[in-house]
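Taken together, the values in this text are just the output of simple stated rules run on the coordinates, not laboratory data. Just so we're clear, the structure is a prediction, and the values are computed from it rather than from any experiment. All Cβ positions, even for glycine, are placed from backbone atoms using ideal geometry, and neighbour counts span all protein chains on display.
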Amino acid sequence: MQGLEVRGLSKHFGGLVVSENIDFDLPPGARKALIGPNGAGKSTFANLVTGILAPSGGTIRFDGRDIAGLNEAQRVRLGIAKTFQITTLFPRLTVRENLRLPILEREGLGFRMFRPAGGDPGIEAEVAALIAQFGLDALADRPVLDLAYGQQRLVEMALTLALKPRVLILDEPAAGVPSSETHLITDAIDRLPDDLAVLVIEHDMDLVFKVARSIVVLVQGRILTEGTPQQIAAHAQVRELYLGGGHG
Ligand SMILES: Nc1ncnc2c1ncn2[C@@H]1O[C@H](COP(=O)(O)OP(=O)(O)OP(=O)(O)O)[C@@H](O)[C@H]1O
Ligand SMILES: [Mg+2]
């Protein structure tokens, strides 16, 4: 199978079972959301897929290949990426300067080649395309610290896309973003490449229902159900969970 194929995945922290027998597929072009209460194990699942954590059991395949033995950097090179966090942005560098960094990294040039003024026309064109894709043209030459929080989160997404991933995991892309700016995040997800496999972990149900074509509900480390947004919205246990739990 093309894309991600997770089977029987489990993770224990001592006696605490955080992922239990998870089966999960993310084919090219997928737009899936992973939802569930705080502590359900959503971020843990993302960390198992990206190689930040080692599973206690089960398998993770990518394009049919078992990736269990690969570390995080090796999985990024295969195309499995989770968004950078704002804390990895350089606040005093401009958006454009920040965006050069992952491209240089991807090309194996790293900081050896780094000059804030730029220089390589191929890299500059790629940076300009990312800036346009994320609607950041007017802000491209402003330091990141001047940007609104929602715009900084767009820069994070743009940085990750510069790695040319085939699987993109967004862990709470709208967390901390004021509701007046969440449309920036939704629009950016809408404009991601069609063939990219996207997994969004999010508590903001407006965002989830706008971007996801399929929703997986995780409760206490187990998949409760998976379905279309319509099916999930009508699911009695999910409704109970969310009406009772106070999210979204
Ligand atoms: N390194 C760790 N060691 C021990 N327990 C951990 C560790 N990381 C996470 N946990 C526990 O695993 C459970 C799941 O955590 P996780 O962060 O995956 O939840 P989540 O669904 O992402 O929650 P949230 O919606 O709050 O982000 C929690 O009970 C958490 O306390
Ligand atoms: Mg989390």
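Before moving on, here are some points about what is shown:
- Each of I35, G14, L48 was placed along the dipole of the chain (beta-carbon charges, centred on the mean Cα), and the one lying farthest toward the positive end is G14.
- For region 134-148, Karplus couplings with θ = phi - 60° (6.51, -1.76, 1.60), whole Hz, Gly/Pro x: 9, x, 9, 3, 5, 10, 4, 10, 9, x, 4, 5, 7, 7, 5
- Computed FRET value (nearest 0.05) for L78 with E240, which takes r as the C-beta separation and R₀ as 41 Å: 0.55
- When region 92-163 is described by a simple charge dipole with +1 on each Lys and Arg Cβ and -1 on each Asp and Glu Cβ, the residue from P121, Q133, L109 located farthest towards its positive end is L109.
- Residues whose placed amide H lies under 5 Å from that of V219, excluding near-sequence neighbours: L224
- Extension gain from E107 to A132, taking 0.36 nm per residue of separation minus the Cα-Cα distance: 6.9 nm
- When every Cα-Cα distance of region 92-163 is counted in 10 angstrom steps from zero, the calculated P(r) takes the values 21, 59, 20, 0 percent.
- For region 170-248, diffusion coefficient by Stokes-Einstein and Kirkwood Rh (Cα), 20 °C, 1.002 mPa s, µm²/s: 159
- The calculated 222 nm mean residue ellipticity attributable to helices in the chain amounts to -10000 deg cm²/dmol, summing -39500 (n - 2.57) over DSSP H runs of n ≥ 4 and dividing by all residues.
- By the count of other C-beta atoms within 10 Å, a proxy for reagent exposure, M205, M157 are ordered fewest to most as M205, M157.
- Peptide packing for 88-100, 55-67 was compared via the average number of neighbouring C-beta atoms within 10 Å per residue; ordered from the highest value, the list is 88-100, 55-67.
- Prolate/oblate/rounded label for region 1-88 (Cα gyration tensor, a/c 1.5): rounded
- Region 92-163 - charge dipole about Cα centre, Lys and Arg +1 at Cβ, Asp and Glu -1, debye rounded to 20: 180
- Backbone HN-Hα couplings from phi across region 234-239 [Karplus 6.51/-1.76/1.60, Hz, Gly and Pro as x]: 9, 6, 4, 5, 5, 4
- For region 193-203, the Karplus equation 6.51 cos²θ - 1.76 cosθ + 1.60, evaluated at θ = phi - 60°, returns couplings of x, 4, 8, 5, 8, 10, 10, 10, 9, 7, 8 Hz by residue, with Gly and Pro reported as x.
- Model label sites at D195 and Q230, defined 7 Å from Cα along the beta-carbon direction, differ in position by 3.0 nm.
- Cα-based Rg and Dmax for the chain, where Dmax is the largest Cα-Cα distance (Å): 18.4, 57
- Extension gain for D187 to D206 (0.36 nm times residue separation, less C-alpha to C-alpha distance): 5.6 nm.
- Net charge contributed by nearby residues that have their C-beta within less than 15 Å of Q220 (K/R +1, D/E -1): +1
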